Amino acid sequence: MKRAKAFISMLLVLCLTVSFAGCSSNHDKGNLKDNLIDGWNSWMQSFSKHALTKEKDLQGEKEEGVDAYTGTYSAAYDGFNGKEFIFGGTALERENGNHLQVTYKLTIEDGTAELNWIAGNNEYSVAGDSSEDTKEYTISSGDNYIVLKGENFIGNLELTVKDVEN
């Protein structure tokens, strides 16, 4: 039994090493270190998609932009309880840059709702009452998500996230 566990562990390590270094790297791009970093970054980005709320489970309609970090979202809520991870991901470095512009209109008719920006282990309030605004954020390595939290929330959310043009 111990031999089987050791074999499975070694097989898992081998699979992860190959996926980091080989499958998602561009061998014409650079050295092994660059390829390993690119592989790790690609793996983190593909894994992070599972943290976003699946489109079928969202309360509204989402149109994704150039990647999972950008797009538009429109929803009408009727007694919503929970969290929706609408846009974002986990990456070492985002291909399209690290500056995003968030434009929102949150209307709370009843209950409570809060639109938050998660950056790593920190969570920042974007809006906690009926309001509309445009804000800019610089994302860092790791988790970066826009999340709506609701408790018996009745109301609407209009949200657009796009890259800041330099």
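The values are calculated or read from the model by the stated rules, or taken from the named source; none is laboratory data. What you see is a predicted model; the values in this text were computed from it and never measured. Reconstructed Cβ throughout: ideal geometry from the backbone, glycine too, with neighbour counts over all protein chains shown. Please note that ligands, DNA and RNA were not included when accessible areas were found on the heavy atoms of the full protein model with its side chains. Shrake-Rupley method; radii C 1.70, N 1.55, O 1.52, S 1.80 Å.
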- Message: Just to check your reading of the model, which residue among Asn116, Asn156, Asn98, Asn152 is loosely packed, with under 14 Cβ neighbours inside 10 Å and out of contact with any helix residue (DSSP H, G or I) (no Cβ under 9 Å at 6 or more places or on another chain)?
- Response: Asn152
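Can you pull out the residues in segment 124-149 that are in contact (Cβ under 8 Å) with a residue 24 or more places away in the chain, of a type outside the set (Lys, Arg) and either surrounded by fewer than 14 Cβ atoms within 10 Å (Cβ to Cβ) or outside any strand (DSSP E or B) (or both)?
Kept after step one, since they are in contact (Cβ under 8 Å) with a residue 24 or more places away in the chain, are these residues of segment 124-149: 126, 130-149.
So of that shortlist, the ones also of a type outside the set (Lys, Arg) come out as 126, 130-134, 136-148.
Ser130, Ser131, Glu132, Asp133, Thr134, Glu136, Thr138, Ile139, Ser140, Ser141 - these are the residues of segment 124-149 that are in contact (Cβ under 8 Å) with a residue 24 or more places away in the chain, of a type outside the set (Lys, Arg) and either surrounded by fewer than 14 Cβ atoms within 10 Å (Cβ to Cβ) or outside any strand (DSSP E or B) (or both).
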- Query: Quick check: anything in segment 50-59 open to solvent by 70 Å² or more (accessible area, probe 1.4 Å), at pLDDT below 95 and in contact with a strand residue (DSSP E or B) (Cβ under 7 Å, 6 or more places away or on another chain)?
  - Reply: yes
- Item | Boolean, Asp67 is closer than 13 Å to Lys162 by Cβ and either in a loop (DSSP other than H, G, I, E, B) or in contact with a helix residue (DSSP H, G or I) (Cβ under 6 Å, 6 or more places away or on another chain) (or both) | yes
- Message: Just the residues that are of a type in the set (D, E, K, R) and touching a Lys or Arg at 6+ places or on another chain (Cβ under 9 Å), please, taken from segment 114-162.
- Response: Glu114, Glu132, Asp133, Lys149, Glu158
- Looking at Val164, Val66, which is the one that is in contact with a His (Cβ under 6 Å, 6 or more places away or on another chain), of a type outside the set (S, T, N, Q), open to solvent by 20 Å² or more (accessible area, probe 1.4 Å) and in contact (Cβ under 8 Å) with a residue 60 or more places away in the chain? Val164
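What number of residues in segment 79-95 are acidic (Asp, Glu) and crowded, with 19+ Cβ neighbours inside 10 Å? Full working, then the answer.
Here is the first cut: in segment 79-95, the residues acidic (Asp, Glu) are 84, 93, 95.
Now restrict to residues that are crowded, with 19+ Cβ neighbours inside 10 Å: 84.
Number satisfying all stated conditions: 1.
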